[in-house]
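What follows is a set of notes on a single structure, which appears directly below.
What follows is calculated from the coordinates using simple rules that are stated; it is not laboratory data. Remember, it's a predicted structure, so these values are computed and weren't measured experimentally. All Cβ positions, glycine included, derive from the backbone under ideal geometry; neighbour counts span all protein chains shown.
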Amino acid sequence: MLDELIRNSIREMVGGSSGPPVAFLTPKGDRGLFGPESMAWRVHADFISMMIGGISSLVLQALHPQALAGVWDHSSFRKDLKGRLGRTAYFIAATTYGSHEMAHEIIHKVNRIHQHIHGIDEFGKPYIATDPHLLAWVHLTETLSFLEAYQNYRYPKLTWQEQDQYFKEMKVLGEMLGAQDLPDTLKGTQEAIEAYLPELHYGERAQSIIQLLDDFPSNLQSRPFVKLISKAGFINLPSWAHTKLKKPNPSTLEKILVNKSIDLIAIPIRDALKDGVAAHSYRRVYG
């Protein structure tokens with residue numbers, strides 16, 4: 001009963017099928033892009049921290065006018081937030097845990113879609129989704145958000161060397177998507193993100209998107225869970241982002257309360273999802 005309630009709450013945020021992910025069982029022995037020993041497999045296996053990091057990355061991406069314009073003009077994001085998160089979750093799962101064929105197929109699909117996304121942003125500046133500068137912003141904010149959430153909510157935490165290894169691995173994926181000269185360390189990623197700060201803008205478009213994320217749509221049964229994940233996603237932001245959003249930095253007490261709440265609900269969530277994508281992919285590799 002509890003497992004089903006948890007799965008329903010997760011589907012309320014990101015959608016997805018209720019059945020086992022059997023597509024990740026084949027072909028036998030295929031290690032995919034990274035393999036089971038990678039930091040990508042380790043970090044992305046923790047679904048609750050990935051949901052938290054996913055919220056953080058969407059907030060950060062909304063602050064870049066040109067990155068936001070592509071979503072604003074060519075996406076159903078504002079009307080179908082759950083669908084957008086579900087597609088992102090599938091992309092991460094397919095590229096991290098899928099076979100070589102599955103990973104390359106979804107990467108090719110995304111690259112093909114990006115070729116048709118272009119327009120004018122809110123300042124009248126032209127943009128195109130294949131711009132390596134914009135692709136790097138999306139990649140940098142996603143990887144840092146996922147890593148920070150993992151470090152906040154998973155134990156044991158990654159060492160400095162393991163964190164750098166995560167960014168080194170994810171650089172391969174980012175460059176397959178068209179980003180260029182990505183950093184391969186935590187420090188380099190943080191510095192690269194800070195270089196974008198003069199380009200960011202918290203205007204009406206960004207405000208509407210972030211308000212949607214702050215008040216994530218959900219049904220009555222799932223609302224406490226969804227609100228907690230959304231709250232944790234905002235707490236997971238870097239301190240400069242709170243300033244940009246004209247919000248105070250979370251207090252120590254607020255962080256402690258949210259962290260303790262996440263730690264508490266993470267136990268049954270991880271148990272309910274223990275036979276998910278990562279487990280199926282291990283079976284594919286090791287039999």
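Just checking the listed ones, 225, 24, 123: in the Gaussian network model of the chain with Cα springs under 10 Å, the one fluctuating most is 123.
The slack between residue 172 and residue 191, meaning 0.36 nm per residue of separation minus the straight C-alpha distance, is 5.0 nm. Under a Gaussian network description of the chain, with springs only between Cα atoms under 10 Å, the residue in 124, 276, 32 that fluctuates furthest is 124.
Our summary gives region 31-286 a relative contact order of 28 percent, counting only alpha carbon pairs under 8 angstrom and 6 or more residues apart. Across the chain, the longest piece that holds none of the GluC sites (Glu not before Pro) lying in DSSP loops with up to 15 other C-beta atoms within 10 Å covers 123-287. Sort 242, 201 so that the residue with the fewest other Cβ atoms within 10 Å of its own Cβ comes first and the one with the most comes last. Going from least to most buried by this count: 242, 201. Dipole magnitude for the chain: computed about the Cα centre from +1 point charges on Lys and Arg Cβ and -1 point charges on Asp and Glu Cβ, it is near 640 debye.
Sorting 283, 84 from the fewest to the most surrounding beta carbons within 10 angstrom yields 283, 84. Of the residues 95, 185, the one with the fewest other Cβ atoms within 10 Å heads the list, and the complete ranking is 185, 95.
Projecting the Cα atoms of 273, 119, 45 onto the dipole axis of region 31-286, where Lys and Arg carry +1 and Asp and Glu carry -1 at the beta carbon, places 273 farthest toward the positive end. Modelled spin labels at residue 37 and residue 274, positioned 7 Å past Cα toward Cβ, are 2.6 nm from each other. Applied to region 225-234, the Karplus parametrisation 6.51 cos²θ - 1.76 cosθ + 1.60 on θ = phi - 60° returns per-residue 3J(HN,Hα) values of 5, 5, 5, 5, 4, 4, 4, 5, x, 6 Hz, with x for Gly and Pro.
Calculated on the alpha-carbon coordinates, the convex hull of region 31-286 measures out at 125 cubic angstrom per residue.
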